[in-house]
Every structure is written in structure tokens, then in C-alpha cells.
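K.L.:
Quick one: the structure is below, questions incoming.
The values are calculated or read from the model by the stated rules, or taken from the named source; none is laboratory data. Computed from a predicted structure; not experimentally measured. In this analysis, Cβ positions are derived from the backbone assuming ideal geometry, glycine residues included, and neighbour counts consider all displayed protein chains.
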Amino acid sequence: MKAPLLAAACVLVLGGCAGRGGEIDATGGITAVRSACPAVAIPANTGDVTLFDPAASTDASAIDVTATMTNVRSTCNDAGEQVQTAVTFAVDATRTRTDAPRDVTLPYFITVVQGGSAVVAKRVGQVALHFNAGQRTAQASGRASTQVSRAAATLPEDVRRRLTRKRKAGEEDAAVDPLTTPEVRQAVQRATFEALVGFQLTDAQLRYNATR
């Protein structure tokens, strides 16, 4: 599950609720349901890492270890004042030389992004991989967690009313999307959070991922 460092573009209008969205209701309108839980994703170019030997080289012949973050899963508890999200993931790694046992430690991050661009919290952890002698592949698991204020992730009442107000055909604003109004769009952005997890890469590693 990979995504750029941007908030989801879909319109989710009922703050702090859970349920299904995209359904056509009895009046012919389309409903969308918004949750206070953050969307969880891997930012582009941070879901894998390549180690080289020698470290200064980026030639294919110098590839030492490659690792990929997979199976990202999340559980969210939005019952209290703090919306708590637990994230788990797996790391699958492959090495080139297999003659001896080896331990490799890879750093990863989890960050909370508000409105698609503002980083409001970040933590860095480590995941340890062990290769037995003669073993080419290894797998490890990692976990991280985030907290978001439920109040911050809930739309103001006046914005909710504007988004959910029923409109009748023939009314002057019946065909006007409330999200075209700057203050409504900005309020939705402020109440939208993401929990993003990926490898904590150096500038060189990130550049390699983006240009290879």
C-alpha cells in the first residue's frame, strides 16, 4: 500500500463516524463516510532500501542487501479523546553474499501528517534482520503507533452542516460542491490525518529509489 506524501483526495464528510461510503441514498444523493482514524500508507520511494558494498557505489554489482516493507496493517481505537492507531508491517530482505551469518539493522519511521503536508509528529525505530550462514533471505516484523487528537480530526459542526445539507433540484446551489468553498475545503484538510510508515533513508538512498 503505497501513496505519495499527500492526503487522500476522496471527500469524507461525517467526522468521527464509521461505516460505508460511496452509496446512493434514498434521495438519489451519494453518501460518503469519514472516520477520525488516519489513513495508513507508505510514502512513495520509502518502501524499500538498498545497501551497497562499497557504500559509495550504486552499481548493480555492488548491491549488498535489499529490503522491502510489506503487509502493512493497522488497527485504530477512536473511542477516546486520543485516536490511537497501531501499525504492523513485515520486512523481506535479500543479501548477495551468504557465506557467513549476519545481522542487519534497518531504521524506519512513522509520521503523522495533517492536511497532506504538515508533519505534526515523527518517531524513528529499528527493525533487526538475521541471516543464518548460507541463508540468502530473511524476514522480520515491526510495529509502531500514533496518536491524534479526536477534536483535531473532527470537522466543526458548521462545516458538517454545510457538507451534509440536503439539496433539492432547482435550488440555486443544488449543483454546487461545498468543497469548492475555500473555508470548507481548508477545514476538511485540517481535520484529515495520515499515518505514514517507511524506511528512514539517507538522502543518497532516497535519491537512488527515486531515480533508478
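K.L.:
Could you grab me the full set of residues in the stretch 51-90 that are of a type in the set (A, V, I, L, M) and under 14 Å from R136 (Cα atoms)?
P.N.:
I63, V65, A67
K.L.:
Give the residues of the stretch 194-212 that are among the hydrophobic types (A, V, I, L, M, F, W, C) and either over 23 Å from A90 (Cα atoms) or assigned to a loop (DSSP other than H, G, I, E, B) (or both), sorted by residue number.
P.N.:
L201, A204
K.L.:
While we're here: Which of the following residues is assigned to a strand (DSSP E or B), of a type in the set (S, T, N, Q) and at pLDDT 75 or above: Q135, Q126?
P.N.:
Exactly one residue qualifies, and that residue is Q126.
K.L.:
Tell me yes or no: at least one residue of the stretch 48-59 is part of a loop (DSSP other than H, G, I, E, B), at pLDDT 95 or above and buried (at least 16 other Cβ atoms within 10 Å of the Cβ).
P.N.:
no
K.L.:
To continue, here is another question. Just the residues that are surrounded by 13 or more Cβ atoms within 10 Å (Cβ to Cβ) and modelled with pLDDT under 95, please, taken from the stretch 99-110.
P.N.:
Matches in the stretch 99-110: none.
K.L.:
Quick one: would you say T70 is part of a strand (DSSP E or B), among the hydroxyl-bearing types (S, T, Y) and within 18 Å of F52 (Cα to Cα)?
P.N.:
Criteria not met by T70.
K.L.:
Determine, yes or no, whether D92 is of a type in the set (D, E), in contact (Cβ under 8 Å) with a residue 40 or more places away in the chain and part of a strand (DSSP E or B).
P.N.:
Considered against the rule, which asks whether it is of a type in the set (D, E), in contact (Cβ under 8 Å) with a residue 40 or more places away in the chain and part of a strand (DSSP E or B), D92 comes out as yes.
K.L.:
With (1) without any contact (Cβ under 8 Å) to a residue 60 or more places away in the chain; (2) assigned to a loop (DSSP other than H, G, I, E, B) as the list, and A153 as the residue in question, which single condition is left unmet?
P.N.:
(1)
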